[in-house]
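Remarks on the structure that follows.
The values are calculated or read from the model by the stated rules, or taken from the named source; none is laboratory data. Everything quoted here is computed from the prediction, not taken from an experiment. Please note: Cβ atoms are built from the backbone with ideal geometry, for glycine as well, and neighbour counts cover all protein chains shown. Side chains included, ligands, DNA and RNA excluded: accessible areas come from the protein's heavy atoms. Shrake-Rupley method; radii C 1.70, N 1.55, O 1.52, S 1.80 Å.
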Amino acid sequence: MFELYIWISLAFMLERPSVIQTLLICLFFIQKPEDGSISHRVQRLAKYRFLRKQSDLLLNADDLDAMWVCLRENCVIDDATGAEKMNYEDFCHIASVCTEQIGPKCRRFFSPSNFMKFEKDDQGRIAILPFYLYVMRTVSLTQARIDMSELDEDSDGFLQPHEMEAYIRGLIPNLAQLRDMPAAFVQMYCRIAAHKFFFFCDPHRRGKACIKKVLLSNCLQELMELHQESEEEVTDTEQAENWFSLTSAQRICDMFLALDKDTNGTLSKQELREYADGTLTDIFIERVYDEHVRRGKSGGGNAREMDFESFLDFVLALENKDTPEGLTYLFRCLDLQGRGYLTTADIHSLFRDVHHKWIEGGNYELCIEDVRDEIWDMVKPADPLKITLADLLSCKQGGTVASMLIDVRGFWAHDNRENLLQEEEEPEEE
């Protein structure tokens, strides 16, 4: 085993991709050491030391502050825009100054290839702010990868739910908007926050999320927004838009508890029908339980109830209908026959419940066939006789179509889209 790692290291040094690939395949078939064995303990120690060494090579907060000062002291001001810029000669000079003040660990950011990544003006200069933000983001992502790798117990490049929760728990003291979180709510918060990563980064529901995919996801960026201490007062509505905010997590908990009338920790179909003031259709609720809710251990038709984890999936799908992950969740519910596509008969069956709620609400009479034709015009499917998930994703209106078929409020918003748009524009004109 040890000799194999030596050969892999030599192959990397000699830049022999074919040899590396062969050795990595051999490594795949080597049995992992048993927990508690000497080999396992040595492996964990080697991993820990490697990650600590990588962490020591990163710029810390003082280093980043020193780099920013150095950038500002050695840049030039653009007469036309007032922006702080530097040409390649300034870039090289700043690299030398930063290396003297901070050390060689900052040198890698001042490579010619990095300079070429940024937009240049007609004099070949780049703005210092985008460059500095690039350095900060690189450091932040590298540190996040190191922290996640430390929690990756089996070192397979994936995080399990309890490992992701541990990562988020470690971030809480450093996130300005979460510092005042009640200690009793921390565990529940971590559970809610981690679930969004798995909803978007574990599409096949294997119970583990790839670290690389997590780092590149919008979820991590959304979580890191909580670092910012807002000077202005933020409304509850604005905070609720960020899934990772304390307001949003408390909203999810309160919503589940309010729906759980019998307080048994799960939601029946009847209880879930009260979600969003009862605007979701009965056929959609039925399909959610058919496709996304596991049957209880006792079996039987009445044993299937939605647990909190499934409820989080449900809410994430409805609040992210325009994403591939959210639309995939909803399409399984819309596909009444499980054929992988929707026909005109499926659209008619789905919209019939929306039409019923629409008339109950005192609205004008609708022709279901007209709505069906409108949906077909919106999607413009490749096959004129059926709509696939790929059609919904490519038309860029899949979320709107899904809302029209499952939620009477969603159809109302589409039917009144011009009036709603006009109301949004009026305050701006004033």
Query raised in the report: Nearest 10 degrees, 0 to 90: what angle lies between the long axis of helix 2-14 and the longest principal axis of the chain (Cα atoms)?
Result: 80 degrees
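Taking all protein chains together and a probe of 1.4 Å, list 255, 306, 181 from the most accessible to the least accessible.
Sorted descending by solvent-accessible area, the residues read 255, 181, 306.
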Query - Residue list for the stretch 103-130, given a label point 7 angstrom along the Cα-to-Cβ vector of residue 69 and an amide N cut-off under 14 Å - result: 103
Query raised in the report: Calculated FRET efficiency, residue 247 and residue 322, Cβ-Cβ r, R0 30 Å, to nearest 0.05?
Result: 0.85
Report summary line: GNM on the chain, Cα springs under 10 Å; top mean-square fluctuation among 123, 397, 160 goes to 123
Report summary line: The FRET efficiency for residue 100 and residue 40, from their Cβ-Cβ distance with R0 = 45 Å and rounded to 0.05, is 0.55
Query - Accessible surface, the chain, averaged per residue in Å² (probe 1.4 Å) - result: 58 Å²
Report task. Report, in degrees rounded to the nearest 10, the 0 to 90 angle that the Cα long axis of helix 161-171 makes with the longest principal axis of the chain. Result -> 60 degrees
Query raised in the report: Fully extended, how many nm does the chain gain between residue 81 and residue 304 (0.36 nm per residue separation, minus their Cα-Cα distance)?
Result: 74.0 nm
**Report entry** Prolate/oblate/rounded label for the stretch 308-362 (Cα gyration tensor, a/c 1.5)
**Finding:** oblate
Requested in this report: Provide the per-residue ³J(HN,Hα) series for the stretch 328-334, in order, calculated from phi with Karplus coefficients 6.51, -1.76, 1.60 and θ = phi - 60°, each as a whole number of Hz, with x at glycine and proline positions.
Outcome: 5, 4, 6, 5, 4, 6, 6
Query raised in the report: How large is ³J(HN,Hα) for each residue in the stretch 208-225, as worked out from phi by the Karplus curve 6.51 cos²θ - 1.76 cosθ + 1.60 (θ = phi - 60°), to whole Hz, x for Gly and Pro?
Result: 8, 10, 5, 4, 4, 5, 4, 5, 8, 7, 5, 4, 5, 5, 5, 5, 5, 4
Report task. State, as an integer percentage, the relative contact order of the chain based on alpha-carbon contacts under 8 Å between residues 6 or more apart. Result -> 8 percent
Report task. Step through the residues of the stretch 245-262 one at a time and calculate ³J(HN,Hα) from phi using the Karplus curve (6.51 cos²θ - 1.76 cosθ + 1.60, θ = phi - 60°), rounding each to whole Hz and writing x for Gly and Pro. Result -> 6, 4, 4, 5, 4, 5, 4, 4, 4, 4, 5, 5, 5, 5, 6, 7, 5, 8
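Rounded if a/c is under 1.5, else prolate if a/b is larger than b/c, else oblate: which is the stretch 365-414, with a ≥ b ≥ c the root eigenvalues of its Cα gyration tensor?
Details: a/c = 2.54, a/b = 1.40, b/c = 1.81.
Since a/c reaches 1.5 but b/c is at least a/b, the shape of the stretch 365-414 is classed as oblate.
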Query raised in the report: What percentage of the solvent-accessible surface of the stretch 250-340, computed with a 1.4 Å probe over protein heavy atoms, is contributed by carbon and sulfur atoms?
Result: 45 percent
Query raised in the report: Taking only DSSP H segments of four or more residues, each worth -39500 (n - 2.57), what value at 222 nm results for the chain once the sum is divided by all its residues, to the nearest 500 deg cm²/dmol?
Result: -18500 deg cm²/dmol
Query raised in the report: For the residue pair residue 365 and residue 179, what label-to-label distance in nm results when each label sits 7 Å from Cα along the Cα-to-beta-carbon direction?
Result: 6.4 nm
Report summary line: Labelled set (i) 46, 31, 23; (ii) 36, 22, 21; (iii) 42, 30, 20; semi-axes √(5λ) of the Cα gyration tensor in Å computed from this model equals the value at (i)
Report task. Given the options 385, 59, 215, state which has the largest fluctuation in a GNM of the chain using a 10 Å cut-off (strictly under) for Cα springs. Result -> 385
Query raised in the report: Where a ≥ b ≥ c are the square roots of the eigenvalues of the C-alpha gyration tensor, would you call the stretch 48-113 rounded, which needs a/c under 1.5, or, failing that, prolate if a/b is larger than b/c, or oblate?
Result: prolate
Report task. DSSP loop (so not H, G, I, E, B), at most 14 other Cβ within 10 Å: list which chymotrypsin sites (Phe, Trp or Tyr not before Pro) in the stretch 361-414 pass both filters. Result -> 364
Report summary line: Taking trypsin sites (Lys or Arg not before Pro) in a DSSP loop with at most 14 other Cβ atoms within 10 angstrom as exposed, one finds the longest site-free stretch of the chain at 1-116
Query raised in the report: Which residue, 399, 82, 170, tops the fluctuation ranking in a GNM of the chain built on C-alpha contacts under 10 Å?
Result: 82
